[in-house]
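The next block holds one structure in the form of structure tokens; read it before the comments.
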Amino acid sequence: MSIIPVTVPTGAIRYNTDSNKMECFNGTKWMQVAVSSPDLNGGARGLAYRGGANNEIDYITIPTAGNAVDFGNALSSAGGLHMAASNTRSIAAGGGTPGRINVIEYVTFSSLGNGQNFGDLTVVGSGGGQMGMSNQTRGVFGGRTTPGNNNVIDYITIASTGDAKDFGDQGNTEGGMNCFSSPTRGVMGGAHPGNTPRIEYITISTTGNSQEFGSLIHDQELSGAASSSTRGVWMGGRYAPSPTNMSTIQYVQIQTLGNAQDFGDLTAGRNDLGGMSDCVRAIAYGGGEPSAVDKIEYINIATGGNAVDFGNAVNSSGYSCNSNGHGGL
């Protein structure tokens, strides 16, 4: 009696009892199904790039409290970086103080090490702290000071390397904005004190000009931008007159249009701080009160309330931050 061969369809799934792994048939052989997440060492990893003539990179594990640890060194020592990230790669672009640059660099979240060259922005300049938005595929960088402000928006494909391409224009040419993302939308908010504060948005997967979103609580420059997939927060900043550092935390619902609402407060007024998240916690990292501090605080994005202590940065400084678990992923 002949044995009738069994045809296995491409895409079939099986559990291999010998290896205790799930496998998928690719038409020729069974391949192990990779199971991965953006979590490292017990949680999403956040990176903080120190500016102001220093090129150190710190890292923290966002779901746990504790002090930051040294990650490596960036290619440049510029502050005011544009930040973007997938769940594997951290991107830092542009910057200033000292000297405005158009360099884009990257590191891999899962391994400690120094920055590697990615390419160049279309325009030289700094972004005021975190003028970057991203989903898993694309990083988008907003307007820069060159030293005059401009409204150019660039984009890159994070998994590749190469120079940025033109995305469109933003409505605000006044600087002082900070950004966060959902998987579909990037949101920019703020203005230098004395100018018109505003919130704008883009659709990350397309190209085009930014659109009006709503208004902020104060006439202010914003710091510490972070988000879940549905809610974005800005933590701290400064407002006119003086300008005065503020402790205000405010939020918007990313997929709707409307004005920012009060969330709570930082432990003190602070500007030039970095923001990052794992979609549950938003981290307020470093900054000035007005002198530079090494303070790290956090809030729970889904609920209102005041920030509480997380730990300390490696140094006292203003920082530009991102993570492999932010709201755009």
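Of 151, 181, 86, which is farthest on the positive side of the dipole of the chain, counting Cα position, with +1 on Lys and Arg Cβ, -1 on Asp and Glu Cβ, and the Cα centre as origin?
Comparing the listed Cα positions along the dipole, 86 ranks first.
Could you rank the peptides 300-308, 116-124 by their average count of other C-beta atoms within 10 Å per residue, with the highest value first? The partial results should precede the final answer.
Numbers: 300-308: 14.4, 116-124: 17.2.
Result, highest mean Cβ count within 10 Å first: 116-124, 300-308.
If you stretched the chain out fully between residue 7 and residue 196, how much longer would it get, using 0.36 nm times the residue separation minus the C-alpha to C-alpha distance? Before the final figure, lay out the partial values.
Values: separation 189, 0.36 × 189 = 68.04 nm, distance 6.66 nm.
Difference between extended and current length: 61.4 nm.
GNM, the chain, Cα, under 10 Å: largest mean-square fluctuation among 41, 209, 114?
Comparing 41, 209, 114 in a Gaussian network model of the chain, the most mobile one is 41.
Might you report the magnitude of the Cβ-based charge dipole of the chain about its Cα centre, with Lys and Arg at +1 and Asp and Glu at -1, to the nearest 20 debye? Don't jump to the answer; show the numbers that get you there.
On the way: 17 positive and 25 negative charges, 133 e Å.
It comes to approximately 640 debye.
Specify whether the C-alpha gyration tensor of segment 260-329 places it in the rounded, prolate or oblate class, a ≥ b ≥ c being the square roots of the eigenvalues: rounded for a/c under 1.5, otherwise prolate if a/b is larger than b/c and oblate if not. Walk me through the numbers on the way to the answer.
Working: a/c = 1.90, a/b = 1.27, b/c = 1.49.
Taking the square roots of the gyration eigenvalues as a ≥ b ≥ c, segment 260-329 is oblate.
Note down the net charge around residue 304, summing +1 for each Lys or Arg and -1 for each Asp or Glu among other residues with Cβ under 11 Å from its Cβ. Let's see the in-between values first.
Working: positive: 231; negative: 262, 265.
Net local charge, residue 304 excluded: -1.
To the nearest µm²/s, what D does Stokes-Einstein give for the chain at 37 °C and 0.692 mPa s, using the Kirkwood radius over alpha carbon pairs as Rh?
Numbers: Rh = 19.9 Å.
Rounded to a whole number, D works out at 165 µm²/s.
Using a Förster distance of 41 angstrom, determine the FRET efficiency expected from the C-beta separation of residue 23 and residue 55, and round it to 0.05.
Details: r = 44 Å, r/R0 = 1.08.
Once rounded, the FRET efficiency stands at 0.40.
Taking 45 Å as R0, compute the FRET efficiency from the Cβ-Cβ separation of residue 267 and residue 15 and round it to 0.05.
Values: r = 51 Å, r/R0 = 1.12.
Taking R0 as 45 Å, the efficiency between residue 267 and residue 15 is 0.35.
If each of residue 40 and residue 112 carries a label point 7 Å out from its Cα toward its Cβ, how far apart are those two points in nm?
1.1 nm
So what is the orientation-averaged projected area of segment 62-109, using the convex hull of its C-alpha atoms, in nm²? Before the final figure, lay out the partial values.
Details: hull surface 16.2 nm².
Average of the hull's projected areas for segment 62-109 equals 4.1 nm².
Starting from the 7 Å offset along Cα-to-Cβ, what nm value, one decimal, do you get for the label separation of residue 159 and residue 303?
Using points 7 Å along Cα→Cβ, the separation is 3.8 nm.
No lab work stands behind these numbers, since they all come straight from the coordinates. These numbers were taken from a predicted model, which means no experiment stands behind them. Methodologically, a virtual Cβ is constructed for each residue, glycine included, from the backbone with ideal geometry; neighbour enumeration extends over all protein chains shown.
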